[in-house]
Amino acid sequence: MQKPDIQELSDFLIDYVRAMGSIGTYSSRVNRCAKRIAETFGYTLTLNFSFAHINVSIVDPQDYSSFRSYLITLKPTHLNFSLVRDLSALSWAIYDHIHDLRVAKRCFKKLIRIQKRPFYYYIILQSIANAALSRLFEGDFGTMIIVLFATLLGTSLRVLFTYMRLDERIQCIICSFLSSYLTFWGTKFDCTQTPEVALGTSILYLIPGVFFINSVIDILQNYIQIGISRITNVAIIISCVAIGVYATLTFSNFRFL
Amino acid sequence: MQSLSPVFIDMFFAALAGFGFAYSCKPPVRVLFLSAILASIGHGFRFALVEFFSIPNLAIATFAASFLVGCCGMLFAKISKTPSEVIAFPALLPMIPGIYAYRAILYLFSFINEKDMTLKTHNLVEFFDYFLTTVSITLALAVGVSITLLIFFEQSFMVTRNSGIFDRYKKYKKFF
C-alpha cells in the first residue's frame, strides 16, 4: 500500500472528525474510529476534545518532521445515528479492505450527503411518543390528548425555529412556554383528572436525554473535560425548559400545585 | 397473584414512546423497531420490579432496567451490526424522570413565592425530595447503560466491522 500524503490524509480526517463529532456520539468512538483510519495509512493521530472544538494532531511516526495540527470547530450537534453507524463502519472498511484514500473519500462524501427525512414524521411521532409518555406517568386519556396537541405545536415550532437557525436555548424557552401554556388551556376544559401530569409531560420532548447519557459515558471513559462541558450544556437547556414552564405557572397562578 | 396486564400496558406505551423518541435520533429504520422493543423491555422490567418485587427505590429499579437495556442493546447490536448506543440510548428516554423534575421545579418556585414559613419549609423539603429523586434516577439511567459499554468496551467498537455497507469495495483490496 502506498502511503498517502500527510496533507491529503489530514484533510480527510478533519472532515471525518468534524462529521463524527457533530452527530451525537460519545468521544471515545470518535477517537477510536479516527485513529483506526490514520493507523491504516501509516500515521499516528491524537485528538483532544473540548465542547465546541477538537484538536487534531497527525504525525508520521517514521518522520517526525512530517506533522500537522488543526483545531476543528464543531457544527451544532444534530443527532444522526444512521451516520454514526455508517461512519463507524467506514473506519472498519478502510482498515480491512479500502486501502485507498481516494476511495475512502468517495465513500465518505456519499455518506454525509444529507438524506432528509420528512419533518412531519418527526412531528407526528414525537407527539405520539410524548402522549404515550404521559400515560406512563399515570395520566388519563384526556391528558394524552392534551399532551399530543401541545407537543404537536411545540415540535412544529421547533422544526420551524431550527430551519430559521434560531439559538437552541431560545427555542427551548419558547417551545416549553407554548407547549405548557397550551396544556394549561387544555386542562381548563375539564377533560382530564391529571392536569399536573399533562403539564409535566408536555415539555419532556425538549429534554436532551441522549446528550446527557453521552456526557456520563464520556466522564466514565476518562474524557472528563468534554463530559463536564456537555453536562453543563444539558443543564443550561433544562434550565431554559424550566423558564418556559415557570412562565406558564406564573400565568396560571400556580394552580397546579 | 397479581394480574400481569398492567405490565403489558406499560410495555406497550413504553414501546410507543421509545419508537417516537428514537425517530428523532435518525437511526437506521430497522433499528427503530429494536429501540421500541428495548424500551418496552426496560420500562416493563422497571415497572415489574417496583410493582411485583416491591423494590422501594425507583433509582435502584431504574439502574437494573438500564443495565438490562444495555445488555440487550449489546446483543441486538451484534445481530444488527449497529453500535449499541444507537439502539439502547433512545430506548432509555421513556425512563427519564420528567414528572419528578417538573414537580421539583414547581416546589422550588413555590418555595420562592411563599411567605408563610411553615409552607416555605414544606415546599423546600418537597423540592429536595423530588430533585434528589430526579438526579438519582437520571444518574442511574446513564450509569446503568454506561457500565455495559465499559464491560463490553472492545466489542462495542467492533460491532460495525463487516457490516456489509462497503462490501462492494472489497474488490479494491487486491490492487493495494
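Excluding ligands, DNA and RNA and using a 1.4 Å probe, chains B and A jointly bury around 6200 Å² of accessible surface, summed across both partners. Taking a Cβ cut-off of under 12 Å around A:G200, the surrounding Lys, Arg, Asp and Glu residues balance to a net charge of -1, with basic ones at +1 and acidic ones at -1.
In this view, the solvent-accessible surface of B:E114, computed with a 1.4 Å probe and all protein chains in place, comes to about 60 Å².
Against the main long axis of the alpha-carbon atoms of chain A, helix A:224-251 sits at an angle near 20°. Mean-square fluctuation check for chain B, GNM, Cα pairs under 10 Å: which of B:P94, B:P28, B:P83 is largest? The residue that fluctuates most here is B:P28.
Sorted largest first, the spans of the alpha carbon positions of region A:69-119 along the three principal axes are 37, 31, 15 Å.
With viscosity 1.567 mPa s and temperature 4 °C, the Kirkwood radius over alpha carbon pairs of region A:111-211 converts through Stokes-Einstein to a diffusion coefficient of 94 µm²/s. The alpha carbons of chain A give a radius of gyration and a Dmax of 22.5, 75 Å, in that order.
Among A:Q193, A:Q115, A:Q225, the largest mean-square fluctuation in a Gaussian network model of chain A, built with springs joining Cα atoms closer than 10 Å, belongs to A:Q115. In units of the compact-protein estimate 2.2 N^0.38 Å, region B:1-159 shows a Cα radius of gyration of 1.18. Report the Stokes-Einstein translational diffusion coefficient (µm² s⁻¹, integer) for region A:24-113, Rh taken as the Kirkwood radius over Cα pairs, at 37 °C with viscosity 0.692 mPa s. Approximately 234 µm²/s, per Stokes-Einstein. Among A:F177, A:F81, A:F12, the largest mean-square fluctuation in a Gaussian network model of chain A, built with springs joining Cα atoms closer than 10 Å, belongs to A:F81. For the pair region B:73-108 / region A:74-150, the C-alpha centres are spaced 14 Å from each other. When all alpha carbon pairs of region A:171-243 are counted in 10 Å bins from zero, the resulting P(r) reads 20, 37, 24, 14, 5, 0 %. Annotation: extensible slack from A:H78 through A:R106 equals 7.8 nm (criterion: 0.36 nm per residue apart, minus Cα-Cα distance). Put simply, the convex hull of the Cα atoms in region B:30-72 casts, on average, a shadow of 2.7 nm².
For region A:38-182, the equivalent ellipsoid derived from the Cα gyration tensor has semi-axes of 44, 18, 14 Å, listed largest first.
When the pairs A:K3/B:K81; A:K109/B:K78; A:K75/A:K105 are compared against a 28 Å limit on Cα-Cα distance, A:K3/B:K81 fall above it. As I understand it, the value is the acute angle between the Cα axis of helix A:168-187 and the longest principal axis of the Cα atoms of chain A; what does it come to in degrees, rounded to 10? It works out to around 30 degrees.
Computed over region B:57-101, the percent of Cα pairs more than 12 Å apart is 62.
Of all complete DSSP H helices in chain B, those with a Cα span along the helix axis of 15 Å or greater and a mean Kyte-Doolittle hydropathy of 1.0 or more are B:5-23, B:29-51, B:58-80, B:98-113, B:117-151. Applying a 4.7 Å cutoff between beta carbons, the unpaired cysteines of the protein assembly as shown are A:C33, A:C107, A:C175, A:C191, B:C25, B:C71, B:C72. With a 1.4 Å probe rolled over the protein heavy atoms of all chains, the accessible area of B:M11, A:M20 falls in the order B:M11, A:M20, largest first. With a 10 Å cut-off around each Cβ of B:99-111, the average count of Cβ atoms from other chains is 6.
Expressed as cubic angstrom per residue, what is the convex hull volume of the alpha carbon set of the protein assembly as shown?
Output value, Cα hull per residue: 145 Å³.
Measuring with a 1.4 angstrom probe and ignoring ligands and nucleic acids, A:F212 comes out at about 40 Å² accessible. Relative to the Cα centre, the charge distribution of chain A, modelled as +1 at Lys and Arg Cβ and -1 at Asp and Glu Cβ, gives a dipole magnitude of about 480 debye. Taken residue by residue and averaged, Cβ atoms of other chains lying within 10 Å of the Cβ of B:11-18 number 5.
With a 10 Å cut-off around each Cβ of A:71-82, the average count of Cβ atoms from other chains is 3.
The values are calculated or read from the model by the stated rules, or taken from the named source; none is laboratory data. Since the model is a prediction, treat every value here as computed from it, not as a measurement. Cβ sites come from the backbone with ideal geometry, for glycine too, and all protein chains shown count toward neighbours. Heads up: the accessible areas ignore ligands, DNA and RNA and are worked out on the full protein's heavy atoms, side chains in. Shrake-Rupley method; radii C 1.70, N 1.55, O 1.52, S 1.80 Å.
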